[in-house]
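> Pasting a structure here, questions to come.
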2 protein chains.
Amino acid sequence: MLGVATRSWVPVPEGSDFPLQNLPFGVFSRPGAEPRCGVAIGDFVLDLAPVFGDPAFGEPSLNRFLAAGRDRWDEVRRALTSFLSDPSHAIDVEPHLIPRSAVTLHLPLEVADYVDFYASEHHATNVGRMFRPGGEPLTPNWKHLPIGYHGRAGTVVVSDTDIVRPCGQRRSAEGPPTFGPTQRLDIEAEVGFVVGVGTAMGTRVPVEDFPEHVFGVVLLNDWSARDVQQWEAQPLGPFLGKSFATSISPWVVPLAALEHALVDAPAPDPEPLPYLRTPGPSGLDIALEIEIDGTVVSRPSFADMYWTAPQQLAHLTVNGASLRTGDLFASGTVSGPEREQRGCLLELSWNGTEPIRLADGSSRTFLADGDTVTIRGTAPGADGVRIGFGELRGTVLPASPAGRGTPAR
Amino acid sequence: MLGVATRSWVPVPEGSDFPLQNLPFGVFSRPGAEPRCGVAIGDFVLDLAPVFGDPAFGEPSLNRFLAAGRDRWDEVRRALTSFLSDPSHAIDVEPHLIPRSAVTLHLPLEVADYVDFYASEHHATNVGRMFRPGGEPLTPNWKHLPIGYHGRAGTVVVSDTDIVRPCGQRRSAEGPPTFGPTQRLDIEAEVGFVVGVGTAMGTRVPVEDFPEHVFGVVLLNDWSARDVQQWEAQPLGPFLGKSFATSISPWVVPLAALEHALVDAPAPDPEPLPYLRTPGPSGLDIALEIEIDGTVVSRPSFADMYWTAPQQLAHLTVNGASLRTGDLFASGTVSGPEREQRGCLLELSWNGTEPIRLADGSSRTFLADGDTVTIRGTAPGADGVRIGFGELRGTVLPASPAGRGTPAR
């Protein structure tokens, strides 16, 4: 065979997020059937279990496949590329293609530990300017290590899960704190990284071993209740202001699909400690887009991030903390230098003082009940194609004062 | 039958942690066999799977039993009390008793999310005095809500797991931070609570529902690298200074065994918001003891804690965050008002300025390589007996500069 196929025999509409060069993994179900693993191609999902005869793909999460490691990930990707490009395979493969409109997408992985970083210099600087006016916007440690914290793994949910406005304590101007629905519900547009291969306690993952451990990439929305967060976060960091929900996109884009998106991160100043130095490009050129109720409000670029994912993984493990299959770590809010590149409403509305306008004429400082937030991402792929992440969506539902949830008790 | 049996036909040595009134659950294995669930009685472990014929007890963690809920927990406890007190059961039960010295104990649960609180007023005040001298020792939010943060679930380990001294970044007096083994390795003596029954997102757990969700209690050592923690923790809280290891005791003492240990927490001032008010006693009278290399260095009382576990669970879920079977939340360092009741070396040595003496004549500010730390706990049980938690032990191993862990690569 001469050259490598660049097109699938499966019809891929112009502008699709899922050309042959992408092949992201997810978990889907058909009505009445159990969730199992699939790959997106054009407007279809390929049912992997019957195609590969691998019981890992019959499971309701990608974890077993993720644990199999880089060699298996590469082997499956090579096979999929062949199956979906060489028309001679169509007769065997075609029966296992299901229209995406006919399936429900599920959380693609069982999340082990979830860590959230704070890696955008523009975001951290903006936040510092708002909350520590007059002082240095960045804390003294910020350029020496990727600041991060652990979030709640059990409330990571898949795109299209509705987000109930959380209640909590908020500082009042005078007197004791009050309790009620957050008045400052926000988003944070982020990029998340999915760990496949774990490590034993006491093991470090050097920056260059990143592709041996990380399988792929998702979009992530770190929903935040700013008033709750601001009242609670000293001295031990964010807690209930974040723990109510974190949404991720349903498709995990393999690192292998993003090789053409590798870019140098902004030049570090000062040079970080040796364990945080990367031998080559470790940033990713992912263009993000944040839409609220049909109006695009921001277009941050992930290429602007000061700290990259390989640096974050090296830092996360430099104290010997072990990794597990299903660990998820995210970048923190992706913000660029310009106003229209800010990745959260806190920055876009400058702490609620500068409302933004939507196309319907309404304005927002923070999210209103009923708002639907959509985050999209695209990156350059092989053969000049565009790699997409699918949409990450969530709609805000009013607070439930009784808090007894669904089903009601 | 008149009255309730107070003694087991299994010999229970005087002063044992595990009388008939305790019956804590754990996971054990015999050489060459897979881990499974057991209950401690005197110097024996009762192998539960053959006794109950319940496959949940054949699993390598308590999670399936934990998920079964309060009615099942009570039913099993009643049955065990009968099996182990009525000598007519001895012929059936005795073959399933294994000397504890013949088994290995394992992590008793698969930890879902791990949250650590900061609930001792004495501890928080001491820390505030050390790190914010001249200011108010407590942050303004401290008496309004139980401050907490998420820790790393994947590095929760069982007692007797060795702790390798972690490496990390530390602030230097002048110039950039340095990297190396922590010079301020510390312990935090805490009490942990194990969630059995989860909740759906959007559900709150009111304080009075605590016993429907929490199965039992463990001792916990939140190992801390104080220099790493101090450099990294602004603005998002502790991360690598804590994430390298958290040890728990191998036996989960059921709440049902601790009913006689219920006490009122110190009177709150100010009165907290309604969702944090408890209808009755919600503190626990657990006497802790911290020993380093054979010298008892502190005896904190858990009854001194300002915030109690039912309040912590109500707070953790008041924003609608869901619970999962296996969630673990801990109290934070247990410190009392007196110097000899402080629960960590940071306080005992007053930030390294006042070394403590051990029986061998050596002194410590923070932990030395080779130190073995043992934490014990006892509480009043039914019939005037003493309920113990078993020992929570860990030994500090020297840092591994290569950081390639075990097995070596």
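> Looking at (1) part of a loop (DSSP other than H, G, I, E, B); (2) buried (at least 18 other Cβ atoms within 10 Å of the Cβ), can you tell me which one A:ALA368 breaks?
(2)
> If A:PRO35 satisfies every condition in (1) over 17 Å from A:GLU94 (Cβ atoms); (2) touching a Phe, Trp or Tyr at 6+ places or on another chain (Cβ under 7 Å); (3) buried (at least 22 other Cβ atoms within 10 Å of the Cβ); (4) not small (Gly, Ala, Ser) but one, which is the exception?
In the conditions (1) over 17 Å from A:GLU94 (Cβ atoms); (2) touching a Phe, Trp or Tyr at 6+ places or on another chain (Cβ under 7 Å); (3) buried (at least 22 other Cβ atoms within 10 Å of the Cβ); (4) not small (Gly, Ala, Ser), A:PRO35 misses (3) alone.
> For B:LEU84, indicate whether it is surrounded by fewer than 21 Cβ atoms within 10 Å (Cβ to Cβ), under 24 Å from B:GLY216 (Cβ atoms) and among the hydrophobic types (A, V, I, L, M, F, W, C). Give the derivation first.
Values: surrounded by fewer than 21 Cβ atoms within 10 Å (Cβ to Cβ): no; under 24 Å from B:GLY216 (Cβ atoms): yes; among the hydrophobic types (A, V, I, L, M, F, W, C): yes.
Spelling it out, it is not the case that B:LEU84 is surrounded by fewer than 21 Cβ atoms within 10 Å (Cβ to Cβ), under 24 Å from B:GLY216 (Cβ atoms) and among the hydrophobic types (A, V, I, L, M, F, W, C).
> Residue pairs, Cβ under 7 Å, 6 or more apart or interchain, first in region B:301-329 and under 18 Å from B:GLY196 (Cα atoms), second of a type in the set (Asp, Glu) and crowded, with 24+ Cβ neighbours inside 10 Å. List them.
Matching pairs, first to second residue: B:ARG324/B:ASP113; B:ASP327/B:ASP113.
> Looking only at region B:186-228, filter to residues that are within 30 Å of A:SER247 (Cβ to Cβ) and assigned to a strand (DSSP E or B); which one of those is modelled with the lowest pLDDT?
Looking at the filtered set, the residue picked out is B:THR203.
> Let me ask you something else. I want to confirm something. Restricting to region B:380-400 and keeping residues that are in a strand (DSSP E or B) and aliphatic (A, V, I, L, M), which single residue is nearest to B:GLY283 (Cα to Cα)?
Keep residues of region B:380-400 that are in a strand (DSSP E or B), which gives B:380, B:386-388, B:392-397.
Narrowing further to those that are aliphatic (A, V, I, L, M): B:387, B:392, B:396-397.
Numbers: B:ILE387: 16, B:LEU392: 21, B:VAL396: 32, B:LEU397: 35 Å.
Once the filter is applied, the top-ranked residue is B:ILE387.
> Please go through region A:164-195 and pick out each residue that is out of contact with any Lys or Arg (no Cβ under 8 Å at 6 or more places or on another chain) and either over 23 Å from B:PRO270 (Cβ atoms) or aliphatic (A, V, I, L, M) (or both). Write out each step before concluding.
Let us first name the residues in region A:164-195 that are out of contact with any Lys or Arg (no Cβ under 8 Å at 6 or more places or on another chain), namely A:164-176, A:187-194.
Scanning region A:164-195 gives A:VAL164, A:ARG165, A:PRO166, A:ALA173, A:ILE187, A:GLU188, A:ALA189, A:GLU190, A:VAL191, A:GLY192, A:PHE193, A:VAL194.
> Moving on. Those residues that are at the interface with another protein chain (Cβ under 8 Å from one of its Cβ atoms), in a strand (DSSP E or B) and more than 16 Å from B:LEU367 (Cβ to Cβ), I need them from region B:148-179; list them, please.
Answer for region B:148-179, where residues must be at the interface with another protein chain (Cβ under 8 Å from one of its Cβ atoms), in a strand (DSSP E or B) and more than 16 Å from B:LEU367 (Cβ to Cβ): B:GLY148, B:TYR149, B:HIS150, B:GLY151, B:VAL157, B:GLN169, B:PHE179.
> Every residue in region A:244-272 that is crowded, with 24+ Cβ neighbours inside 10 Å and within 8 Å of another protein chain (Cβ to nearest Cβ), please.
Across region A:244-272, the qualifying residues are A:PHE244, A:ALA245.
> I'd like the residue in region B:104-129 that is of a type in the set (D, E, K, R) and not in a helix (DSSP H, G or I) and, out of all such residues, is surrounded by the fewest Cβ atoms within 10 Å (Cβ to Cβ). First the steps, then the outcome.
Step one: of region B:104-129, the residues of a type in the set (D, E, K, R) are B:110, B:113, B:116, B:121, B:129.
Keeping just the survivors that are not in a helix (DSSP H, G or I) gives B:110, B:113, B:116.
On the way: B:GLU110: 18, B:ASP113: 27, B:ASP116: 26.
Within region B:104-129, the match that is surrounded by the fewest Cβ atoms within 10 Å (Cβ to Cβ) is B:GLU110.
> When the residues of region A:38-58 are filtered to those that are under 20 Å from A:PRO99 (Cα atoms) and acidic (Asp, Glu), which remaining residue is surrounded by the most Cβ atoms within 10 Å (Cβ to Cβ)?
A:ASP47
> Scan region A:95-116 for residues that are more than 14 Å from chain B (Cβ to nearest Cβ) and either touching a residue at least 60 places away in the same chain (Cβ under 8 Å) or among the small types (Gly, Ala, Ser) (or both) and report the count. Talk me through it step by step, then tell me what you get.
Within region A:95-116, the subset more than 14 Å from chain B (Cβ to nearest Cβ) is A:95-106, A:108-109.
Those left that are additionally either touching a residue at least 60 places away in the same chain (Cβ under 8 Å) or among the small types (Gly, Ala, Ser) (or both): A:97-98, A:100-106, A:108-109.
Qualifying residue count, region A:95-116: 11.
> Could I ask something else about it? So which residues in region B:191-212 are within 13 Å of chain A (Cβ to nearest Cβ) and within 17 Å of the chain's Cα centre (by Cα), if there are any at all?
If the condition is that a residue be within 13 Å of chain A (Cβ to nearest Cβ) and within 17 Å of the chain's Cα centre (by Cα), then B:VAL195 is the only one that fits.
> Return yes or no: is A:GLU354 assigned by TED's automatic domain parsing to the domain that holds A:THR246 and in a helix (DSSP H, G or I)?
Answer is no for this residue.
> In the set B:GLY237, B:GLY241, which member is within 12 Å of chain A (Cβ to nearest Cβ) and part of a helix (DSSP H, G or I)?
Details: B:GLY237 fails: part of a helix (DSSP H, G or I).
Every option except B:GLY241 fails the conditions.
> Would you pick out the residues in region B:213-226 that are more than 15 Å from B:GLY326 (Cα to Cα), in contact with a helix residue (DSSP H, G or I) (Cβ under 8 Å, 6 or more places away or on another chain), surrounded by 24 or more Cβ atoms within 10 Å (Cβ to Cβ) and more than 10 Å from every other protein chain (Cβ to nearest Cβ)?
B:ASP222, B:TRP223, B:SER224, listed by residue number.
> Out of B:GLU289, B:GLU259, I need the residue that is touching a strand residue (DSSP E or B) at 6+ places or on another chain (Cβ under 8 Å) and not basic (Lys, Arg). Which one?
Being touching a strand residue (DSSP E or B) at 6+ places or on another chain (Cβ under 8 Å) and not basic (Lys, Arg) holds for just one of B:GLU289, B:GLU259, which is B:GLU289.
> For region B:7-38, name all the residues that are within 22 Å of B:PRO380 (Cα to Cα) and within 18 Å of the chain's Cα centre (by Cα). Don't jump to the end; show me each part of the working.
First, the residues of region B:7-38 that are within 22 Å of B:PRO380 (Cα to Cα): B:7-26.
Matches in region B:7-38: B:ASP17, B:PHE18, B:ASN22, B:LEU23, B:PRO24, B:PHE25, B:GLY26.
> Can you name the condition, by its number, that A:TRP231 falls short on among (1) in a helix (DSSP H, G or I); (2) closer than 26 Å to B:PHE239 by Cα; (3) out of contact with any Lys or Arg (no Cβ under 7 Å at 6 or more places or on another chain)?
Unmet for A:TRP231, out of (1) in a helix (DSSP H, G or I); (2) closer than 26 Å to B:PHE239 by Cα; (3) out of contact with any Lys or Arg (no Cβ under 7 Å at 6 or more places or on another chain): (3).
For every residue, the table says whether it meets (1) over 24 Å from B:ASP371 (Cα atoms); (2) among the polar types (S, T, N, Q); (3) without any contact (Cβ under 8 Å) to a residue 60 or more places away in the chain.
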{"residue": "B:TYR149", "(1), (2), (3)": "yes, no, no"}
{"residue": "B:THR155", "(1), (2), (3)": "no, yes, no"}
{"residue": "B:ASP160", "(1), (2), (3)": "no, no, no"}
{"residue": "B:GLU174", "(1), (2), (3)": "yes, no, yes"}
{"residue": "B:GLY180", "(1), (2), (3)": "no, no, no"}
{"residue": "B:ALA189", "(1), (2), (3)": "no, no, no"}
{"residue": "B:PHE193", "(1), (2), (3)": "yes, no, no"}
{"residue": "B:THR203", "(1), (2), (3)": "yes, yes, no"}
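The values are calculated or read from the model by the stated rules, or taken from the named source; none is laboratory data. Keep in mind that what you see is a predicted model, and the values were worked out from it rather than measured. As a convention, Cβ positions derive from the backbone with ideal geometry for all residues, glycine included, and neighbour counts pool all protein chains shown.
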